[in-house]
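Structure first, commentary second.
The values are calculated or read from the model by the stated rules, or taken from the named source; none is laboratory data. Not measured: the values here are computed from a predicted model. All Cβ positions, glycine included, derive from the backbone under ideal geometry; neighbour counts span all protein chains shown.
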Amino acid sequence: MRTDVLGVGFDDLTMDEAVGRAAVLLESGTPAYIVTPNPEIVWLCRDDPELKEIVGRAALVLPDGIGVVYGAKILGRPLKGKIAGIDFAEKLLERMAGTGKSVYLLGAKPGVASMAAKKLQNKYPGLVVAGTADGYFKDDGPVIEKINASKPDLLLVCLGAPKQERWMAANATRLNVRLMAGLGGALDVFAGTAERAPESWQRLHLEWLHRLKKEPWRWRRMIKLPLFIFAVAGQRLKGN
């Protein structure tokens with residue numbers, strides 16, 4: 001049973017457990033996708049039943065945001081911890097490097113995915129990158145044909161949320177892949193065109209503040225975090 005936070009159910013797993021579940025899905029013959037909602041996505045799901053249903057259909061729903069973890073704790077339903085999508089992906093790719101399974105990188109600006117592929121292969125010797133494609137496409141058909149021709153085991157869909165979640169759900173039956181994962185801006189970080197917060201900020205769970213410092217225009221999106229916490233507190237007071 002998943003842990004409900006404002007109507008979105010999260011899998012209560014450690015990082016190692018999540019990677020282990022993903023490894024099992026990679027062996028399965030049933031197409032599946034993984035989502036990593038943060039408080040902003042949970043907030044969007046409150047007003048978008050279709051998105052909420054898409055998130056709920058995911059094989060794994062991982063809490064990518066300390067706000068989700070705090071929210072679950074406030075509700076008396078503590079999760080084992082935050083599972084940042086980018087950290088989850090790295091650990092899964094590291095595991096795949098020793099098994100011969102392949103990954104396809106989809107998203108970001110032209111050239112970024114190929115840069116990410118090279119750096120990931122240098123970091124994880126043995127990792128098979130089946131192919132790459134940028135996220136600047138209007139017609140899904142040619143992209144899907146290209147992905148299917150490369151026959152990857154894992155497809156990282158980095159189109160930004162909630163576009164990537166909708167894309168995975170809409171194309172799951174058209175894609176010849178075993179597993180997909182929506183990972184936002186992960187390819188930019190893998191490629192080195194964007195930087196994560198320093199580890200000291202990560203340990204303090206202040207990555208969101210570091211990002212706001214770097215990109216102050218994001219304040220309109222960040223305002224959803226306190227709104228999220230207030231809504232969780234309200235739900236707790238109502239006894240739900």
Practice task
Name every residue in region 1-23 that is assigned to a helix (DSSP H, G or I) and exposed (fewer than 12 other Cβ atoms within 10 Å of the Cβ), in order of residue number.
Solution key: D16
Handout entry: Those residues of region 77-100 which are at pLDDT 95 or above, of a type outside the set (K, R) and more than 22 Å from R196 (Cα to Cα), in sequence order
Key = P78, L79, M96, A97
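This table checks each residue for (1) modelled with pLDDT of 95 or more; (2) assigned to a helix (DSSP H, G or I); (3) closer than 19 Å to L93 by Cβ.
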site: N122; (1), (2), (3): yes, yes, yes
site: G131; (1), (2), (3): yes, no, yes
site: V177; (1), (2), (3): yes, no, yes
site: R211; (1), (2), (3): no, yes, no
site: L225; (1), (2), (3): no, yes, no
Handout entry: Complete set of residues in region 111-154 that are small (G, A, S), touching a helix residue (DSSP H, G or I) at 6+ places or on another chain (Cβ under 9 Å) and loosely packed, with under 14 Cβ neighbours inside 10 Å
Key = G111, G126
Problem - Residues satisfying the stated conditions in region 50-65, i.e. aliphatic (A, V, I, L, M) and assigned to a loop (DSSP other than H, G, I, E, B) - result: A58, A59, L62
Problem - Residue count for region 133-167, restricted to those that are among the acidic types (D, E) and in a helix (DSSP H, G or I) - result: 3
Problem - Candidate set from region 66-100 (those that are over 18 Å from the mean Cα position of the chain (by Cα) and in a helix (DSSP H, G or I)); member that is farthest from Q235 (Cα to Cα) - result: A97
Problem - Selected residue [at pLDDT below 95, closer than 21 Å to K163 by Cβ and surrounded by 21 or more Cβ atoms within 10 Å (Cβ to Cβ)] from P39, P31, P63 - result: P39
Problem - Hits in region 24-49 - residues which are farther than 21 Å from R178 by Cα, part of a helix (DSSP H, G or I) and touching a residue at least 24 places away in the same chain (Cβ under 8 Å) - result: P39, E40, I41, V42, W43, L44, C45, R46
